[in-house]
Amino acid sequence: MPAESTPDAIADEDTAATGPRRGARGRRRKPRGKGRTALLVAAWTAGGILLLGGTGAGILYFKLNGNLRTVDIDAALGGHRPAKADNGSENILVLGSDTRSGGNKKLGGGTDDGSARSDTAMVVHLYKGHKKAAVVSIPRDTLIDRPECTDSKGTAHPAAPGVMFNSAYSTGGAACAVKTVESISGVRMDHYIEVDFSGFQKLVDDLGGVQVTTTKDIADRDSHLDLKAGEHTLDGRQALGLVRTRHGVGDGSDLGRIQLQQAFVKALVAQVKQLGVLTSPTKLVNLADTATKTVTTDSDLGSVKNLASFASGLKNISSSHMNMVTVPVQYDPANPNRVLLQKDNAHLVWDALKHDRPIPASLTKGSASGQAKDVVRSA
């Protein structure tokens with residue numbers, strides 16, 4: 001389903017909630033059914049393999065251009081948005097999309113209801129000079145006040161208090177997701193990149209796999225993953241299982257899954273830099289074809305030329321220059337399967353991005369975590 005679509009809000013507990021759930025107490029229970037998270041690829045990973053577009057390679061260039069899907073965020077949201085930063089920094093909202101149809105149904109399981117979900121959200125902040133980046137994950141289970149928004153088809157959606165963060169995408173697609181992130185952060189999203197998880201699997205396979213080291217055994221039959229502690233070269237299906245696993249390691253929460261996803265993104269960025277894909281024209285063409293079929297972007301990035309130009313400015317960012325955190329949250333006392341923003345610390349995290357400053361480590365100390373940190377590392 002294209003990002004421009006506006007699927008109905010989903011009532012399923014493991015997807016988007018229509019309101020805060022109250023009354024559940026005690027231990028966190030394991031989620032029901034298969035993990036329905038989408039896959040993410042850092043913005044520059046998808047873009048960086050498109051550099052061929054800059055060569056003007058005729059038919060191939062137009063083919064890649066035709067693969068891209070776009071959504072006009074500016075037209076949908078209008079002028080009621082945070083001001084653009086004037087300090088040389090940029091902010092990109094990266095979402096993972098998970099539809100329940102076609103190839104995604106086979107990969108993810110569940111009912112083919114034609115809907116789309118976004119269970120992975122990262123705000124990528126590129127510091128002035130584009131040599132360092134901060135990545136802030138927003139848990140899908142965070143209860144927020146969703147603002148009124150208009151989707152890319154012009155349909156207005158009313159505000160909704162106390163709903164899960166990922167209900168924004170389920171309700172109004174990419175435009176409502178961007179509006180919600182800007183509402184809770186006060187930070188302007190300069191770009192939008194969405195990654196479809198069925199394409200993600202092929203992208204990893206086209207790369208020849210991604211090397212990681214696991215410090216603990218990870219076994220999760222729901223995400224079809226069984227890894228012993230040690231070094232692994234993950235193929236696409238294993239990578240998909242790793243970033244979808246929820247109760248295979250850690251405390252069984254979405255926060256633990258985020259920690260695994262963040263570690264995998266770092267390993268993926270390191271892998272792309274080491275492969276030297278530009279030395280292999282065949283590999284480059286395959287990667288570019290897969291990547292352009294996998295991503296949806298905002299209109300400003302919606303051509304191979306623009307995406308390649310954007311990516312070329314990110315080539316100096318290595319995994320060691322990426323600070324990856326989760327916005328500070330605490331478990332909801334009324335429902336341990338939901339989290340609430342730690343408003344003061346969360347505000348300071350967003351304020352640091354707004355002013356192009358590093359995020360102090362002290363802001364995330366004491367935040368709820370999934371107990372899966374350092375389970376996955378770059379090999």
task = Pop out the ³J(HN,Hα) list for region 252-262 in order, Karplus 6.51 cos²θ - 1.76 cosθ + 1.60 with θ = phi - 60°, rounded to Hz; leave Gly and Pro as x.
result = x, 9, 5, 5, x, 4, 4, 4, 5, 5, 4
key: Vicinal HN-Hα couplings computed from phi for region 147-159 (Karplus, 6.51 cos²θ - 1.76 cosθ + 1.60; Hz; Gly/Pro x)   = x, 4, 8, 10, 7, 6, 9, x, 7, 8, 10, x, 5
task = In nm, give the distance between the simple-model label positions of Ser299 and Ser362, each being 7 Å from the Cα along the Cα-to-Cβ direction.
result = 4.4
message = Need the C-alpha centroid separation for region 195-242 versus region 332-368, integer Å.
response = 29
ask   = Residue-wise, which Karplus ³J(HN,Hα) couplings in Hz belong to region 212-222, taking 6.51 cos²θ - 1.76 cosθ + 1.60, θ = phi - 60°, and x for glycine or proline?
value = 9, 10, 9, 8, 9, 5, 10, 10, 8, 5, 5
key: Long-range amide H partners of Asp217 with built H, under 5 Å   = Ala229
request  = Could you check the simple spin-label distance between Asp74 and Ser312, using points 7 Å along Cα→Cβ, in nm with one decimal?
outcome  = 2.1
message = Test of understanding: extend the Cα→C-beta vector of Tyr331 to 7 Å, then name every residue of region 221-251 with backbone N under 19 Å from that spot.
response = 246-251
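Could you calculate the FRET efficiency of Thr233 with Asp374 from 1/(1 + (r/R0)^6), where r is the beta carbon distance between them and R0 is 22 Å, rounded to 0.05? The partial results should precede the final answer.
Numbers: r = 20 Å, r/R0 = 0.89.
In this case the efficiency is close to 0.65.
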Net lengthening on full extension, Lys343/Asp86 (0.36 nm per residue, minus Cα-Cα) = 90.0 nm
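Every number in this text was worked out from the coordinates using simple rules, so none of it is lab data. The model shown is predicted, which means the values in this text are computed figures rather than measured ones. Positions of Cβ are generated from backbone atoms using ideal geometry, with glycine treated the same way; all protein chains shown enter the neighbour counts.
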